[in-house]
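Accompanying notes for the structure given below.
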Amino acid sequence: MQFFRALLVGLGVLVAAPAAAADFYQGKTLTVIVGYAPGGGVDTTARAVTRHLGRFIPGNPAVTVQNMEGAAGIVSLNHLVRRVAPDGLTLGVPGRSWFVEGIVKRQGVAFDPLTLTYIGSPGSVTSAAYIRTATGITTFDELKTSAKPVSFGALGAGTHTATVPNLLAAAGAPIRVVLGYVSTARILLALEQGEVDGSFTTGDGLANRAALAKQVVPIVQSSDRYPGLPLVRDVVRPQHRPVLDLVLATDTFGVPMIGPPGIPAEQTATLRKAFLAMAQDPDYQADARRVELPVGRPIEGGKLADMMRSLAAATTPDVIAEFQKLASGK
């Protein structure tokens, strides 16, 4: 008898949990703050997710996107931490490199990546150095022997759009990094118009620019996406590989969806479960494929939190010092 009572109590909890979540989200709006302007890879990822996520949250809340560009996602994340109530109704997709700058405690960072609430990521991605074929350069070896400097458009100095080209420059490539672009979309526009010669970025931004995709060629990559293309790790100086591991963690995490510290456990669990269910949905997957997002290998929020703790523990003072030097362009 006691067994059956316990079983009934357990079933009651299982039924009550989704009902409570539905009561919380019913008739409400979930706001997702995106750290970049519309049109770039981060915004593309965020919109693919937000078009579908609400269907998998009990109560089916409306989902709206708010773009808040600035400082390569840092402005949006500082706002999320300082100004947003941790009630599970406001989340963020700040970008790719923000957590690296948080771990090394770059100036202007007002958050600790270890205290944030991680919801999920579509999955790991591959970045590549894309260069205009009009330069006459189609391989990394040709780049290294180029008599002319090659300009790479970049976001903030601490983002992988700048730090990886700086590492390639230290390895002998005649790269000149051009900072100041506020979004990947604007870098890609500059690349399309011939304002810059190259960019280190992911392929999702190129997915919406068919004309640009025909004008550029990848010459080096972060992981094995393009057969026969060299890896960044194999062409940088050996002493730079530890800091490269930190920089390229951006690809390992993909584009995470996060919340401010302190979201209640119930709302966190609901959102994480909804994210994973969405990632397996055929309609979402079709949408994701169209913009070249990873499909079928989402990263659960708890796993992201564990990965972040491991990354922070592995980032020694020497690695931080090397990163700060790298981000300063020295």
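Within the stretch 194-223, how many residues turn out to be touching a residue at least 12 places away in the same chain (Cβ under 8 Å) and either in contact with a His (Cβ under 6 Å, 6 or more places away or on another chain) or not aliphatic (A, V, I, L, M) (or both)? Outline the logic, then answer.
Taking the stretch 194-223 first, the residues touching a residue at least 12 places away in the same chain (Cβ under 8 Å) are 194-209, 211-212, 215-223.
Retained after the next criterion (residues that are either in contact with a His (Cβ under 6 Å, 6 or more places away or on another chain) or not aliphatic (A, V, I, L, M) (or both)): 194-195, 197-205, 208-209, 215, 218, 221-223.
So the count comes out to 18.
Could you please give the count of residues in the stretch 213-230 that are more than 14 Å from Thr138 (Cβ to Cβ) and in contact with a Gly (Cβ under 9 Å, 6 or more places away or on another chain)?
2
Across the stretch 84-115, what is the total count of residues that are under 23 Å from Pro264 (Cβ atoms) and in a loop (DSSP other than H, G, I, E, B)?
Selection size over the stretch 84-115: 10.
Condition check ((1) surrounded by fewer than 16 Cβ atoms within 10 Å (Cβ to Cβ); (2) hydrophobic (A, V, I, L, M, F, W, C); (3) closer than 15 Å to Phe253 by Cα; (4) not assigned by TED's automatic domain parsing to the domain that holds Leu206) across all residues:
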site	(1), (2), (3), (4)
Pro264	yes, no, no, yes
Leu271	no, yes, no, yes
Met278	no, yes, no, yes
Pro282	yes, no, no, yes
Arg289	yes, no, no, yes
Ile299	no, yes, yes, yes
Met308	no, yes, yes, yes
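Restricting the stretch 123-143 to residues that are touching a Lys or Arg at 6+ places or on another chain (Cβ under 9 Å) and of a type in the set (A, V, I, L, M, F, W, C), which is nearest to Tyr284 (Cα to Cα)? Working first, answer last.
Going residue by residue through the stretch 123-143, those that are touching a Lys or Arg at 6+ places or on another chain (Cβ under 9 Å) are 123-128, 133, 135.
Now restrict to residues that are of a type in the set (A, V, I, L, M, F, W, C): 125, 128.
Numbers: Val125: 17, Ala128: 25 Å.
Here the answer is Val125.
Every residue in the stretch 75-103 that is among the β-branched types (Val, Ile, Thr) and buried (at least 24 other Cβ atoms within 10 Å of the Cβ), please.
The first filter runs over the stretch 75-103 and keeps only residues among the β-branched types (Val, Ile, Thr), leaving 75, 81, 84, 90, 93, 100, 103.
Val93, Val100, listed by residue number.
What do you reckon, is Val65 under 18 Å from Gly259 (Cβ atoms), in the same structural domain as Arg106 (by TED's automatic domain parsing) and not in a strand (DSSP E or B)?
Numbers: under 18 Å from Gly259 (Cβ atoms): yes; in the same structural domain as Arg106 (by TED's automatic domain parsing): yes; not in a strand (DSSP E or B): no.
Considered against the rule, which asks whether it is under 18 Å from Gly259 (Cβ atoms), in the same structural domain as Arg106 (by TED's automatic domain parsing) and not in a strand (DSSP E or B), Val65 comes out as no.
Yes/no per residue for (1) at pLDDT below 95; (2) among the aliphatic types (A, V, I, L, M); (3) not in a strand (DSSP E or B):
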position	(1), (2), (3)
Ile258	no, yes, no
Glu292	yes, no, yes
Gly302	no, no, yes
Met308	no, yes, yes
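Filter the stretch 243-262 down to the residues that are over 15 Å from the mean Cα position of the chain (by Cα) and either buried (at least 16 other Cβ atoms within 10 Å of the Cβ) or free of Cβ contacts under 8 Å to residues at least 60 places away in the same chain (or both) and list them by number.
Passing the criteria: Val243, Leu244, Pro260.
Identify the residue in the stretch 113-159 that is β-branched (Val, Ile, Thr) and without any contact (Cβ under 8 Å) to a residue 60 or more places away in the chain and, among all such residues, is farthest from Gln324 (Cα to Cα).
Taking the stretch 113-159 first, the residues β-branched (Val, Ile, Thr) are 115, 117, 119, 125-126, 131, 133, 135, 137-139, 145, 150, 159.
With without any contact (Cβ under 8 Å) to a residue 60 or more places away in the chain added as a condition, the list becomes 145, 150.
Details: Thr145: 28, Val150: 23 Å.
The extreme case among them is Thr145.
Where in the stretch 116-173 are there strands (runs of 3 or more DSSP E), lying wholly inside it, with at least 2 residues that are surrounded by fewer than 24 Cβ atoms within 10 Å (Cβ to Cβ) and assigned by TED's automatic domain parsing to the domain that holds Ala277? Walk me through how you get there before you give the answer.
Values: elements: 117-121, 127-132, 150-153.
Result: empty, no element qualifies.
Residue check, Gly198 against (1) at pLDDT 95 or above; (2) within 16 Å of Leu244 (Cβ to Cβ), all met but one. Which one?
(2)
The values are calculated or read from the model by the stated rules, or taken from the named source; none is laboratory data. Keep in mind that this is a model prediction, so the values were computed, not measured. As a convention, Cβ positions derive from the backbone with ideal geometry for all residues, glycine included, and neighbour counts pool all protein chains shown.
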